[in-house]
Amino acid sequence: MRILIVEDEPKTAAFLTKGLGEHGFVADVVANGRDGLHAARTQTYDLAVLDVMLPGCDGWTILRELRAAGSQMPVLFLTAKDTVADRVNGLELGADDYLVKPFAFSELLARVRTILRRGVARQPETVRVADMEIDLLKHKVQRDGRRLDLSPKEFALLSLLMRRVGEVLSRTLIAEQVWDMNFNSDTNVVDVHIRRLRVKVDDPFPKKLIHTVRGAGYVLEERS
Ligand code: CA
């Protein structure tokens, strides 16, 4: 998970970066509003933590411009201002939450986690590739109008491949994402599950969607 921090106060920025880093997040810090807006527009982040009073342009402007450009990036405001008007202003602009300085790191962490969980639910419910459709919330898979019965692990594996259609995923990445652990030595488990998945989602159909990329991993995509 990558987090963008736009904060001009070096002490706060350092404290946030260190704390988030210790909890497994990758945090980029910029100290200027203009640079913050540029970073938010050109890079992919799971969340932005914005100070309100910033050199360059303020946090409200960053959020307004992001939303105007169609960005759904979750935003948590961090500010010394604590008036009802400010709070309403931020939420009306589409901020996800608001934290008043000074705050405890544990509180920030809790808010960040809540927002990120919500973000996951906001992802599209169904993904379609060729004649295959997966419903991520209802855990249903259909191909060519036929319902496919998958085990929970097969479903997790297929949903990862579908959500990242066209992207070659290494065995290590798949193992981490689906089994939530490191299989540095034994990634054979991935191959075994891919084989089982293919029996159900590819073998009965003329067009194959799961492809092996020698030496790199697997990719799901429609090939002509
Ligand atoms: Ca500031």
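The values are calculated or read from the model by the stated rules, or taken from the named source; none is laboratory data. This one's a predicted model, so the numbers in the text were calculated from it and none came from an experiment. Every residue, glycine among them, receives a Cβ derived from its backbone with ideal geometry; neighbour counts consider all protein chains shown. These accessible areas exclude ligands, DNA and RNA; they are computed on the full protein's heavy atoms, side chains included. Shrake-Rupley method; radii C 1.70, N 1.55, O 1.52, S 1.80 Å.
Scanning segment 57-114 for residues that are farther than 23 Å from residue 2 by Cβ and under 17 Å from the mean Cα position of the chain (by Cα) yields a total of 0. If you go through segment 69-78 one residue at a time, do you hit one that is more than 13 Å from the ligand (Cβ to nearest atom), out of contact with any helix residue (DSSP H, G or I) (no Cβ under 9 Å at 6 or more places or on another chain) and assigned to a helix (DSSP H, G or I)? No, segment 69-78 contains no residue that is more than 13 Å from the ligand (Cβ to nearest atom), out of contact with any helix residue (DSSP H, G or I) (no Cβ under 9 Å at 6 or more places or on another chain) and assigned to a helix (DSSP H, G or I).
Residues in segment 80-107 that are in contact with a Lys or Arg (Cβ under 8 Å, 6 or more places away or on another chain) and either modelled with pLDDT of 80 or more or away from the ligand (no atom under 16 Å from the Cβ) (or both): 93, 94, 96, 97, 98, 99, 100.
Taken as a whole, the structure places residue 145 among residues that are in the same structural domain as residue 198 (by TED's automatic domain parsing) and either more than 22 Å from the chain's Cα centre (by Cα) or open to solvent by less than 20 Å² (accessible area, probe 1.4 Å) (or both). Number of residues in segment 36-67 that are among the small types (Gly, Ala, Ser) and either at positive phi or away from the ligand (no atom under 13 Å from the Cβ) (or both): the value is 4.
Figure legend. Inter-residue proximity from segment 4-31: first residues of a type in the set (Phe, Trp, Tyr), second residues away from the ligand (no atom under 12 Å from the Cβ) and open to solvent by 80 Å² or more (accessible area, probe 1.4 Å), beta-carbon distance below 9 Å, spacing 6+ or different chains. Indicated pairs: 25/1. Considering each residue of segment 157-164 in turn, none proves to be without any contact (Cβ under 8 Å) to a residue 60 or more places away in the chain, in contact with a helix residue (DSSP H, G or I) (Cβ under 7 Å, 6 or more places away or on another chain) and open to solvent by 20 Å² or more (accessible area, probe 1.4 Å).
Restricting segment 126-142 to residues that are among the charged types (D, E, K, R) and either open to solvent by 70 Å² or more (accessible area, probe 1.4 Å) or over 18 Å from residue 198 (Cβ atoms) (or both) leaves a set whose member that is modelled with the lowest pLDDT is 138. Among residues of segment 1-16 being in contact with a helix residue (DSSP H, G or I) (Cβ under 9 Å, 6 or more places away or on another chain) and away from the ligand (no atom under 11 Å from the Cβ), the one that is most open to solvent (accessible area, probe 1.4 Å) is 1.
I need the full set of residues from segment 54-72 which are in contact (Cβ under 8 Å) with a residue 40 or more places away in the chain and either over 24 Å from residue 118 (Cα atoms) or touching a strand residue (DSSP E or B) at 6+ places or on another chain (Cβ under 9 Å) (or both), in order please. Step through it out loud before you land on a result.
Of the residues in segment 54-72, the ones in contact (Cβ under 8 Å) with a residue 40 or more places away in the chain are 54-55, 59, 62, 72.
Scanning segment 54-72 gives 54, 55, 59, 62.
Among the residues of segment 17-35, the ones that are away from the ligand (no atom under 13 Å from the Cβ) and closer than 11 Å to residue 55 by Cα come to 2 in all.
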